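Asks: I have a structure I would like to understand better, so I am pasting it below and will then ask my questions one at a time.
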Amino acid sequence: MKIGLIVLAVVGFIGLLGYMSMGQKQHRVEVCVDFQGRKNCRVASGPTRDAALRTATDNACATITNGMTESMACSHNPPVSTKWLN
């Protein structure tokens, strides 16, 4: 009896996690940035268009900048291209 309740609770928890993760629409975007002559593109996703755009921009800037100051300066520039994937 006790084992049955534990199994039922685990199955219910897994089902709840699956429902919650599948229920949220993810926005995917590819962003290309150009900073001081260096170019990079990255794809990211997020629960909102703004979150996806910010994540993709930050990720693209992270690999072409040196240090936090350059990374922040790069992130504040508008992307050279933005392509929504879904």
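The values are calculated or read from the model by the stated rules, or taken from the named source; none is laboratory data. What you see is a predicted model; the values in this text were computed from it and never measured. Note: accessible area is taken over every heavy atom of the protein model, side chains too, but ligands, DNA and RNA are not part of it. Shrake-Rupley method; radii C 1.70, N 1.55, O 1.52, S 1.80 Å.
Asks: Considering THR82, THR65, THR48, which residue is open to solvent by less than 80 Å² (accessible area, probe 1.4 Å) and under 10 Å from the mean Cα position of the chain (by Cα)?
Replies: Numbers: THR82 fails: under 10 Å from the mean Cα position of the chain (by Cα); THR65 fails: under 10 Å from the mean Cα position of the chain (by Cα).
Exactly one residue qualifies, and that residue is THR48.
Asks: While we're here: Restricting to segment 18-44, and then to whatever is at negative phi, of a type in the set (S, T, N, Q) and open to solvent by 60 Å² or more (accessible area, probe 1.4 Å), can you tell me which residue is modelled with the highest pLDDT? Outline the logic, then answer.
Replies: Pass one, segment 18-44, residues at negative phi: 18-35, 38-44.
Filter again for of a type in the set (S, T, N, Q), leaving 21, 24, 26, 40.
This time we only want the ones that are open to solvent by 60 Å² or more (accessible area, probe 1.4 Å), so: 21, 24, 26.
Numbers: SER21: 60, GLN24: 67, GLN26: 90.
Step by step, filter segment 18-44, then rank; the result is GLN26.
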